[in-house]
Amino acid sequence: MVYEIPKCETILKAFEYANEDIPKIIRLNHLRKICNKNLKDWKIPIKYQYVWYCLNEQKIKRKTKRQIFNSKVTCYPFYIEMDKNISKIINSAVKKLDSRKKFAELVNRSIPRVCDWINGRIRIPITALLKACQILNKDPWIILNGKLVSGQGTNEGFVFENIKRKMILDILTWIKLEGHVALEKGRIEIEQKDVGKNALLRINKRIKNKFKINTHFYRRKRKNREGWIYTLRINSSPLKQILFLKYGIDFGYKSPYVDLIDEVKVAKTKSDKLQILVSAMETEGHFGFARFKKYVYPRCNFTSSNKITTHNIKDLFSDLGFTSYIHKKDEFCWRVVLTKNCLKFYDLISPYITHQKKLKRIMEAKNLIL
């Protein structure tokens, strides 16, 4: 990934557990591979098994042509309401290890804290449940279903629902392609210009309905330009981590490494595939037309800084019966272009498009050509 990771004690220890050589420059994709390898062995402490727990309280570097960002990562575990069943699961994991001390070391907590969890005196952090389930070979998300989760305070809490990826393909696509999950704060944001306000309102409604969580919707003036920027903001440390832990959505600046592999994999029906494609085209797609002499041709394409993502979109086009090809737009971007039956595709997708500018371009193209 674009971030450079410091060679601090925690990071070096993660490489040591994985028995891997430390590269000269550690990047985020290196650390992800290391943590994924460590995740296969329950005897490794949890802070070395997940990227964001490994990076907690560390500053990571991102370079652009003009400046260098040194961003701090903050990713404390979120907490689960006091629950007898979860306390029993923690106790079962401790019994399997035959040691409270061993379990405490695996979750980077004290022995008295583990005793408090078992006896139901305090809330249990998600890291403890993840490790206990890893030891017992259980699915933590099934166990967590219907439980109240919250951050350090309780004001941002919500009841977790174990939603299958297939049920929120549009939400995940929007957050992956257009969203920003903050490195330091428990915040998720998606922005759109005026013309994308309706599309943003629609995805806002979907997020509120599916996750049963409060959102904030506000606007600000565009710098040195007419019009507004609309922002959908969710202040929730638990949701931020659930998006990473359960659905694999990275934090920070991530666009060059975003893909839709997991979404495409579970999209079995035409409706599923269309749900992803509509969301992708509303965020990074282009609809329109081109003139050549006296003829007008419809044009449709999708652009991404990750080639894998364009292949994901190309596969969706193909599954829905449309022919497309991929080419390199410039040094940083790839583009998948629909070559035939653009009008047919416009007819298919236009009933679901809520982005005003893109819907207008579709209608303009259809009116000029028909």
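Nothing in this text is a laboratory measurement; each read-out follows from the coordinates by a stated rule. Note that this is a predicted model, so its numbers are computed, not measured. Cβ atoms come from the backbone with ideal geometry, glycine included; neighbour counts cover every protein chain shown.
Please list 290-296, 238-244, 41-47 highest first by mean number of surrounding beta-carbon atoms within 10 Å per residue.
In descending order of packing, they fall as 238-244, 41-47, 290-296.
Cβ-Cβ distance of Asp194 and Cys333, R₀ of 25 Å, FRET efficiency by 1/(1 + (r/R0)^6): the value works out to about 0.55. Under a no-solvent Debye model with one identical scatterer per Cα of the stretch 270-369, what's log10 I(q)/I(0) at q = 0.11, 0.24 Å⁻¹? Calculated log10 I(q)/I(0) at the listed q: -0.30, -1.37. Each of Gly285, Thr173, Leu144 was scored by the projection of its Cα onto the charge dipole of the chain, and the greatest displacement toward the positive side belongs to Gly285; charges sit on the C-beta of Lys, Arg, Asp and Glu. A convex hull fitted around the alpha carbon atoms of the stretch 137-208 yields 140 Å³ per residue. When the charge dipole of the stretch 62-128 is built from unit charges on Cβ atoms (+1 for Lys and Arg, -1 for Asp and Glu) and taken about the Cα centre, the candidate among Ile68, Ile126, Phe103 whose Cα reaches farthest toward its positive end is Ile68. Computed over neighbours whose Cβ is under 14 Å from that of Pro125, the net charge equals +4, Lys and Arg +1, Asp and Glu -1. Charged neighbours of Leu348, selected by a Cβ distance under 12 Å, balance to +2 (K, R count +1; D, E count -1).
Assuming charge only on the beta carbon of Lys and Arg (+1) and of Asp and Glu (-1), the dipole of the stretch 165-254 about its Cα centre is about 240 debye to the nearest 20. Extension gain for Lys208 to Glu105 (0.36 nm times residue separation, less C-alpha to C-alpha distance): 33.3 nm. On a per residue basis, the convex hull of the C-alpha atoms belonging to the stretch 1-128 measures out at 109 Å³. May I ask for the distance between the Cα centers of the stretch 44-109 and the stretch 184-241, given as a whole number of Å? Each part's Cα centre sits 28 Å from the other's. The calculated FRET efficiency for the pair Glu20 and Cys115, based on their C-beta separation and a Förster distance of 56 Å, comes to about 0.95. Every Cα-Cα pair of the chain was included, and the share exceeding 26 Å stands at 57 percent. Sorted largest first, the principal axis extents computed over the alpha-carbon atoms of the stretch 165-254 equal 40, 27, 21 Å. Each helix, a run of at least 4 DSSP H residues, gives -39500 (n - 2.57); summed and divided by the residues of the chain, these come to -12500 deg cm²/dmol at 222 nm. With a Förster radius of 22 Å applied to the C-beta separation of Lys307 and Phe69, the computed FRET efficiency comes to 0.35. Take every Cα pair under 8 Å whose residues are at least 6 apart in sequence, average their separation, divide by the length of the chain, and the relative contact order is 12 percent. Taking the Cα centre of the chain as reference, the dipole from Cβ charges on Lys and Arg (+1) and Asp and Glu (-1) amounts to some 760 debye. Rounded to two decimals, the Cα radius of gyration of the stretch 105-172 over 2.2 N^0.38 Å is 1.28.
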